[in-house]
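A short reminder: the numbers here are calculations on the coordinates, not readings from a lab. Note that the coordinates shown come from a computational prediction; the quantities given were computed from them, not determined experimentally. Don't worry about glycine lacking a Cβ; one is built from the backbone with ideal geometry, like all the others, and counts go over all protein chains shown.
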Amino acid sequence: MRASRGPDYDPGQAARGFAVDGTLESVAPYGSGHINVSYCAVFERGARRERFLLQRINTHVFRDPVALMENIEHVTTHLGRKIGSVDGGRRVLTLARARPGRPGQNGRPWLMDEDGGFWRMYEFIEGARSYDVVENAAQAYEAARAFGEFQGMLADLPPSRLRETIPGFHNTPRRLGALKRAIETDALGRSEGAEREIAFALERESVTRLLVEAGLPERVTHNDTKMSNVLLDERTGKRICVIDLETVMPGLAPFDFGDMVRTMSCRAAEDERDLSLVRMEMEMFEALARGYLSVAGGFLLDLEKRVLVQAGRVITLEQGIRFLTDYLEGDTYFKVHRVGQNLDRARAQFRLVESLEEHAAAMERVVEAAEEW
């Protein structure tokens, strides 16, 4: 997604607006995210230096940043009560609060600058790292278990307490509807050359309804369960904390498992042009199923478990549809580095859908076996 640009602003001034005891020593750009603008803020606190993750929220993507931050506050507070002081508080994100005296923001876990920009700041979790791409089955297992634990600890938080930060985010039929409108409009004449991809998506219209019409219970879900959104311990490689909570909102549990399958069962690049490299790896899928169900198997309904394999197919198809729609509309949503990149992304997603379809029976057996662990 495109990062928020907006007017010039001073991240140092924003960092000083949070109630942190100590003197701000430095602020520097941090990370490679495409949505929010992130900085590492270092505070000198006596003989210690402590790091914080400072972020300017992209209000073009998240139109109601107050609701977004209230969601995150609800979730982190709930998780904090469940986890307590285990592992020094490293297993849940901790928000900094706005300094006293800021009108309407006193003590809130966010602040607004003079340009109307919204900021938040988290305590840095030291001794941890994230991976942009899953490297092996052990990492996939830890990530899946982390997301399963995340869902489990939030199972008693009523979804009605949270707002939809991006309405209809995983409404796959609605995503297909947007594609149909883009095909009909074809504002840039890009449908020529994308005929096979368009036909692939339209032929699977019934697939788009498999989850939203399955009668599944609403839960609190993460909705962006990729490898980079889990912190692993640098020393042990074990899971520590789930991060990037912008899309935590009411949803269906299989959404999260499906997105794990999409992003971690295949190690090819998202825009891979050599489609022979795009395939579901059974070893990775087995690690995901075992990791997730080792925790989630205790609270999921049988109805939810029965659609886990299909969830991978649905969410992968959905993402391909989104890439294809953006390509036809002129690459206005997903950040691109070259012409045709979104079309390549759509092709890779659709090839992965084919691979998931080809291995569906074997994947069902893996899920059944994982439930017995």
Mean projected area, convex hull of alpha-carbon positions in the chain, reported to one decimal in nm², is 19.1
Answer in debye to the nearest 20: the dipole magnitude of the chain about its Cα centre, from +1 Lys/Arg and -1 Asp/Glu charges placed on Cβ, is 880
For the chain, the charge dipole (Cβ of Lys, Arg +1; Cβ of Asp, Glu -1; about the Cα centre) points to a positive end, and the Cα of 38, 60, 122 closest to that extreme belongs to 122
Stretched fully, the stretch from residue 235 through residue 361 gains (0.36 nm per residue minus C-alpha distance, one decimal, in nm) 41.6 nm
Placing each pseudo-label 7 Å from Cα in the direction of the beta carbon, residue 50 and residue 26 end up separated by a distance in nanometres of 1.9
The range 11-102: relative contact order from alpha carbon pairs under 8 Å, six or more residues apart, as a whole percent, is 24
At the level of C-alpha centres, the distance separating the range 132-157 and the range 202-251, in angstrom, is 9
Debye calc, one equal point scatterer per Cα of the range 11-126, no solvent, log10 I(q)/I(0) at q = 0.19, 0.21, 0.22, 0.23 1/Å comes to -1.10, -1.32, -1.41, -1.49
Low-density loop trypsin sites (Lys or Arg not before Pro), the range 177-253, at most 16 other Cβ within 10 Å, DSSP non-H/G/I/E/B, are 235, 238
Check: in the range 149-371 the Lys pairs 8 or more apart or on separate chains whose Cα atoms fall under 22 Å apart number 4
Simple SL model, points at 7 angstrom along Cα→Cβ for residue 213 and residue 306; separation in nm is 1.6
Scaled by the rule-of-thumb 2.2 N^0.38 Å, the alpha carbon Rg for the range 100-227 gives a ratio of 1.50
To the nearest 0.05, the calculated FRET efficiency linking residue 63 and residue 185 through their beta-carbon distance, R0 being 22 Å, is 0.40
In degrees rounded to 10, the 0-90 angle between helix 137-153 Cα long axis and the longest Cα principal axis of the chain is 70
Helix-only [θ] at 222 nm, the chain, -39500 (n - 2.57) per DSSP H run of 4+, per residue, nearest 500, equals -12500 deg cm²/dmol
Relative contact order in percent for the range 69-174 (Cα pairs under 8 Å, 6+ apart) equals 25
When 153, 282, 69 are arranged by how many other beta-carbons sit within 10 Å of their Cβ, fewest first, they go 282, 153, 69
Placing each pseudo-label 7 Å from Cα in the direction of the beta carbon, residue 283 and residue 38 end up separated by a distance in nanometres of 2.9
Length-normalised contact order of the chain, Cα under 8 Å, at least 6 apart, in percent, tallies to 17
Taking Rh as the Kirkwood radius computed over alpha-carbon pairs of the range 149-371 and applying Stokes-Einstein at 4 °C with viscosity 1.567 mPa s, one gets a diffusion coefficient in µm² s⁻¹ of 72
